[in-house]
Amino acid sequence: CARMQGFPDSFILHPKDECAYRQFGNSAGGSPGAGARRGGRLAGQGLARPWGSEGRGGAPVAPDSCAGGRRGRIWCFPARRTVANLAGSTRAGPGATAARGGRGRNRMRSERRAALAGTGEAAGGRAGPAIEARGLDLVFATDDGPVHALKDVTLAIARGEFVSFIGPSGCGKTTFLRVAADLERPTGGSILVNGVSAAEARGARAYGYVFQAAGLFPWRTIEANVRLPLEVMGFARAEQAARAARVLELVELRGFENKYPWQLSGGMQQRASIARALAFDADILLMDEPFGALDEIVRDKLNEQLLALWARTGKTIAFVTHSIPEAVFLSTKIVVMSPRPGRVTDVIDSPLPRERPLHIRESRDFLAIAARVREGLRAGIGDEV
């Protein structure tokens with residue numbers, strides 16, 4: 001679902017997050033019960049569960065008393081968010097709430113668009129790394145004791161690089177991406193994204209995130225899925241349509257705009273997910289093993305398409321994988337990580353040219369890099385790979 005953290009300062013799509021769907025009726029016109037009826041239909045189709053809205057102090061309220069949102073739109077918020085948080089105080093009545101909420105949303109959307117534009121301009125003018133970690137540590141507190149996920153990770157990713165992270169399961173590859181995306185907070189060290197903190201970069205829409213699962217809404221068309229972050233960010237409809245058309249062309253999904261996710265193959269769904277992450281033109285693309293569940297033939301094709309996309313856009317890409325051939329084929333730099341606690345055991349700069357046909361995998365340079373990656377994994381694991 002769509003998870004809004006600190007609305008509207010951040011937006012991310014994550015299919016596994018537990019969220020409560022809320023649909024706000026149009027208090028300025030129409031029946032407030034219409035929102036409840038629409039939500040009931042969605043729940044009946046197995047597409048969404050009831051939204052379970054909250055009132056002041058987090059107390060549950062009936063869907064009919066929700067106000068201040070746009071009719072016919074479904075948002076998904078963490079349970080701690082309340083109607084009062086999103087649309088002003090509920091004490092003055094639904095009409096006043098809607099008016100204040102609308103003004104507040106418009107103002108905050110304008111600020112977000114300005115921040116996004118500023119980030120893009122600044123990124124183009126800065127010479128520093130896109131992502132820079134220094135002595136990064138992350139320890140998770142669990143019922144069974146602390147789990148040391150990352151330990152003393154120091155790494156710099158230059159602008160325009162394609163960097164792959166490889167290592168055994170549980171070594172902190174995904175955790176590093178989540179820290180860069182401000183989805184996890186480090187317990188030690190520091191990390192900068194586009195020269196600012198991860199929280200500031202998230203607020204300025206500095207990155208797009210592609211998860212292992214495509215996470216597309218089954219009741220929205222492919223174009224509507226791609227437009228979703230643009231809707232949340234307040235782009236005009238014409239701009240949404242233009243951007244969606246452009247990124248769907250980039251991922252070779254032109255002609256599938258009006259299809260639904262269940263009408264597309266797994267590989268096409270992942271391309272739609274990539275298009276959604278590209279829609280708001282962030283400088284950085286964080287990709288958490290997006291092709292891991294696909295067969296080798298489809299994976300090879302998507303690897304070629306991803307390289308072509310990277311060449312056309314010049315994005316900085318951080319890519320998690322468990323595949324040595326995939327890491328070597330895609331990357332300008334390969335980061336090899338050890339088992340938990342996750343540490344960087346080797347950083348390999350690739351001598352391969354940027355244009356890489358599939359048969360380059362048979363070249364001497366390719367095989368030499370793959371052998372070095374295996375040595376790094378063997379050193380970290382302490383066993384044969």
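The values are calculated or read from the model by the stated rules, or taken from the named source; none is laboratory data. If you're wondering where the values come from, they're calculated on a predicted model, not measured in any experiment. In this analysis, Cβ positions are derived from the backbone assuming ideal geometry, glycine residues included, and neighbour counts consider all displayed protein chains.
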Check: When both residues are 6+ apart or on different chains and their Cβ atoms are under 7 Å apart, which pairs have a first residue that lies in region 137-158 and is over 10 Å from G188 (Cβ atoms), and a second that is modelled with pLDDT under 90 and among the charged types (D, E, K, R)?
Finding: H148/R340; A149/R340
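Residues checked against (1) modelled with pLDDT of 95 or more; (2) more than 30 Å from A370 (Cα to Cα); (3) surrounded by 20 or more Cβ atoms within 10 Å (Cβ to Cβ); (4) in contact with a strand residue (DSSP E or B) (Cβ under 9 Å, 6 or more places away or on another chain):
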site: G95; (1), (2), (3), (4): no, yes, no, no
site: N106; (1), (2), (3), (4): no, yes, no, no
site: T119; (1), (2), (3), (4): no, yes, yes, yes
site: G128; (1), (2), (3), (4): no, no, no, yes
site: I131; (1), (2), (3), (4): yes, no, yes, yes
site: G170; (1), (2), (3), (4): no, no, no, yes
site: T174; (1), (2), (3), (4): no, no, yes, yes
site: E184; (1), (2), (3), (4): no, yes, no, yes
Margin query: What pairs come out if I take residues in region 255-266 that are in contact (Cβ under 8 Å) with a residue 24 or more places away in the chain and pair them with residues that are assigned to a helix (DSSP H, G or I) whose C-beta lies under 6 Å away, six or more apart or interchain?
Written below: F256/I222; E257/I222; E257/E223; K259/I222; P261/Q269
Next item on the list: Kindly establish whether V247 is in contact with a Leu (Cβ under 7 Å, 6 or more places away or on another chain) and either at pLDDT 90 or above or among the aliphatic types (A, V, I, L, M) (or both).
Entry: yes
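Would you point out which residue out of I284, I274, I297, I317 is among the aliphatic types (A, V, I, L, M) and touching an Asp or Glu at 6+ places or on another chain (Cβ under 9 Å)?
I317
Step by step: first the residues of region 135-145, then only those that are surrounded by fewer than 23 Cβ atoms within 10 Å (Cβ to Cβ) and under 15 Å from T175 (Cα atoms), then the one that is modelled with the lowest pLDDT. Which residue is that?
Result: A141.
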Next item on the list: Tell me the helices (runs of 4 or more DSSP H) entirely within region 263-337 that contain at least 2 residues that are crowded, with 24+ Cβ neighbours inside 10 Å and at pLDDT 90 or above.
Entry: 266-278, 324-330
Next item on the list: Could you check, for region 204-214, whether at least one of its residues is more than 30 Å from A370 (Cα to Cα), among the small types (G, A, S) and in contact (Cβ under 8 Å) with a residue 24 or more places away in the chain?
Entry: yes
